[in-house]
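The values are calculated or read from the model by the stated rules, or taken from the named source; none is laboratory data. What you see is a predicted model, and the numbers here were worked out from it, not measured in a lab. So basically every Cβ, Gly included, is an ideal-geometry build from the backbone, and we count neighbours across all protein chains shown.
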Amino acid sequence: MTIEIFPDQRICVIGMGYVGLTLAVAMADSGFSVAGVERRADVVETLLQRKAHFWEPRLDQKLERVMARNHLKIFATPPLDFDADVYIITVGTPLGPDGTARIDMAADAATEVARTMKDGTLVILRSTVKLGTAREIVAPILDSSGKSYQLAVCPERTLEGRALLELNELPQIIGADDRGTRRRCQMLFNRMTPTTVALSSLEAAELVKLVDNTYRDVSFGFANEIAKLCGKAGLSAAEIIRAGKLGYPRTNVPMPGPVGGPCLEKDPHILVESARRFGIEMPVTHAARLTNEFQPNQVAAMAHDAAHRIEGFARYPRISLLGLAFKGTPATDDLRGSMAFPIYRALKEVFPDAEFRGYDPVVPRYVTESAFGFSAASSVDDAFDGADIAFLLTNHIELQNLDLTTSTKRMSNPALVYDLWNMHDVAADTLPARVRFMALGREKMEFA
């Protein structure tokens with residue numbers, strides 16, 4: 001019987017954003033010795049106090065535990081004396097002003113790895129990147145060191161609000177050019193999760209992440225087109241979508257709603273950019289993204305039209321935006337790519353004299369006020385108090401469980417509630433007099 005000895009124990013994770021910190025904590029909790037590297041001085045300071053700089057269930061408790069055991073240490077640059085067996089690059093890859101994917105941060109991280117790595121190091125690119133980044137950008141930088149290494153692409157796939165659970169449950173994608181590198185990555189990630197999926201090349205793994213996220217974006221784009229049609233036709237998109245897939249396995253249209261976030265707002269653009277280098281256009285992908293990006297203007301126009309149909313509606317309305325993070329379920333405090341920003345901008349265009357305020361069950365009030373520039377309500381009740389319009393922007397459980405009959409009693413008279421996630425099916429006679437309700441994809445139906 002041959003006993004395979006696990007070779008890699010010391011892991012250096014470059015980038016302590018959402019992806020990097022949750023991975024570093026999960027790996028440290030699995031018994032690895034982990035060095036977490038972050039350039040931002042304020043983030044380093046927070047982490048050294050054993051506190052995460054964002055909200056994620058159970059993250060602070062696990063961070064405290066692994067740091068107390070010295071399984072995780074935080075640095076501003078890769079430590080020369082750490083002697084890492086594996087480097088994992090998890091830096092952000094946002095879109096630049098021209099709409100193309102930025103690779104400068106990944107290149108900078110690769111340069112730091114090349115400077116400090118030893119011969120035989122395993123380097124894993126985990127950031128979401130355009131096709132060819134590992135081979136054409138990262139590999140030449142590592143080659144310039146003159147040291148031997150193995151290179152793999154293992155894209156992150158975790159859902160915010162479930163990251164620590166999913167790092168122990170989801171299959172890990174592993175892309176590399178040779179079997180030895182793939183096997184080494186499998187052994188690494190098998191310490192955390194029982195399932196890995198080995199792919200034949202770096203590019204295959206890069207593309208998997210883009211395909212997965214873009215598929216979701218295209219599905220949401222289609223649902224939002226149906227909502228647009230139903231909203232004008234006097235039908236209910238929610239009714240039609242639910243009925244069409246009930247007991248029918250060949251249809252799985254998602255519910256319509258605002259689509260954003262740090263992945264879906266950029267990954268379809270990165271996929272389109274990747275395809276163009278091969279002379280391929282992706283009109284379906286592009287159209288779905290444009291549909292989702294234009295939705296805030298449609299929402300604002302629908303709200304403006306509804307307000308003008310309500311007799312006696314306030315000339316200078318007070319508008320409350322409830323649910324400001326980019327998603328509500330699972331909960332997160334992440335504002336990156338939140339559709340609350342473009343919805344707010346679109347509403348300011350059609351309601352230039354309005355007074356805005358916001359509320360989110362997870363996002364701290366001071367963060368709301370800094371990010372949006374309007375006042376933050378202290379509670380759901382506070383957000384409804386005196387509001388002329390209340391927008392439900394995410395499907396957070398607190399917003400799902402609202403008793404609108406009670407909450408709307410706090411609003412102005414007349415007033416409007418606009419549910420962008422079809423969480424509530426409200427009969428007109430259950431609301432206070434002169435409070436109107438409408439939901440995304442059934443706007444005309446509510447005002448028939």
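For this structure, a couple of remarks:
For every residue, the table says whether it meets (1) assigned by TED's automatic domain parsing to the domain that holds Gly17; (2) over 24 Å from Gly337 (Cβ atoms); (3) touching a Lys or Arg at 6+ places or on another chain (Cβ under 6 Å); (4) not basic (Lys, Arg).
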{"position": "Ile226", "(1), (2), (3), (4)": "no, no, no, yes"}
{"position": "Leu235", "(1), (2), (3), (4)": "no, yes, no, yes"}
{"position": "Ile240", "(1), (2), (3), (4)": "no, yes, no, yes"}
{"position": "Ala243", "(1), (2), (3), (4)": "no, yes, no, yes"}
{"position": "Arg250", "(1), (2), (3), (4)": "no, yes, no, no"}
{"position": "Val259", "(1), (2), (3), (4)": "no, no, no, yes"}
{"position": "Glu265", "(1), (2), (3), (4)": "no, no, no, yes"}
{"position": "Glu273", "(1), (2), (3), (4)": "no, no, yes, yes"}
{"position": "Arg277", "(1), (2), (3), (4)": "no, yes, no, no"}
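- Scan of region 232-246 for residues that are surrounded by 19 or more Cβ atoms within 10 Å (Cβ to Cβ) and out of contact with any strand residue (DSSP E or B) (no Cβ under 9 Å at 6 or more places or on another chain), ordered by number: Ile241
- Scanning region 164-176 for residues that are out of contact with any strand residue (DSSP E or B) (no Cβ under 8 Å at 6 or more places or on another chain) and either assigned to a helix (DSSP H, G or I) or surrounded by fewer than 15 Cβ atoms within 10 Å (Cβ to Cβ) (or both) yields Leu164, Leu165, Glu166, Asn168, Glu169.
- Verdict on Arg179 being loosely packed, with under 15 Cβ neighbours inside 10 Å and either under 19 Å from Gly20 (Cα atoms) or in the same structural domain as Gly36 (by TED's automatic domain parsing) (or both): yes
- One residue from Asp60, Asp85 being at pLDDT 95 or above and within 30 Å of Gln150 (Cβ to Cβ): Asp85
- Screening Arg102 on (1) under 23 Å from the mean Cα position of the chain (by Cα); (2) closer than 29 Å to Gly279 by Cα; (3) modelled with pLDDT of 95 or more shows it passes everything except condition (3).
This table checks each residue for (1) small (Gly, Ala, Ser); (2) over 28 Å from the mean Cα position of the chain (by Cα).
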position	(1), (2)
Ala383	yes, no
Ala390	yes, no
His396	no, no
Leu399	no, no
Ser412	yes, yes
Asn422	no, no
Ala427	yes, yes
Thr430	no, yes
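- Some residue of region 186-195 being within 23 Å of Gly20 (Cβ to Cβ) and in contact with a Leu (Cβ under 7 Å, 6 or more places away or on another chain): yes
- Looking only at residues in region 112-163 that are in a helix (DSSP H, G or I) and in contact with a Ser or Thr (Cβ under 6 Å, 6 or more places away or on another chain), the one that is nearest to Lys62 (Cα to Cα) is Ala163.
- One residue alone among Arg115, Arg191, Arg102, Arg184 is touching a residue at least 24 places away in the same chain (Cβ under 8 Å), crowded, with 17+ Cβ neighbours inside 10 Å and not aromatic (Phe, Trp, Tyr), and that residue is Arg184.
Conditions tested, residue by residue: (1) part of a loop (DSSP other than H, G, I, E, B); (2) crowded, with 16+ Cβ neighbours inside 10 Å; (3) in contact (Cβ under 8 Å) with a residue 40 or more places away in the chain.
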site	(1), (2), (3)
Ile11	no, yes, yes
Leu23	no, yes, yes
Met27	no, yes, yes
Arg39	yes, yes, no
Val44	no, yes, no
Ala52	yes, yes, no
Gln61	no, no, no
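- Checking each residue in region 198-224 for being in a helix (DSSP H, G or I), among the hydroxyl-bearing types (Ser, Thr, Tyr) and more than 13 Å from Thr128 (Cα to Cα) picks out Tyr215, Ser219.
- Residues of region 74-92 satisfying the condition of being out of contact with any strand residue (DSSP E or B) (no Cβ under 7 Å at 6 or more places or on another chain) and either surrounded by 15 or more Cβ atoms within 10 Å (Cβ to Cβ) or within 23 Å of Pro262 (Cα to Cα) (or both): Gly92
- Counted residues, region 302-349 - those being among the β-branched types (Val, Ile, Thr) and surrounded by fewer than 18 Cβ atoms within 10 Å (Cβ to Cβ): 2
- Long-range neighbours under 9 Å by Cβ, at least six apart or interchain, first residue of a type in the set (Asp, Glu) within region 307-319, second buried (at least 17 other Cβ atoms within 10 Å of the Cβ) and outside any helix (DSSP H, G or I): Glu311/Pro414
- Out of Glu355, Glu398, Glu349, one residue alone is in contact (Cβ under 8 Å) with a residue 24 or more places away in the chain and closer than 17 Å to Gly257 by Cβ. It is Glu398.
- Qualifying residue in region 221-232 (condition: under 17 Å from the mean Cα position of the chain (by Cα) and at pLDDT 95 or above): yes
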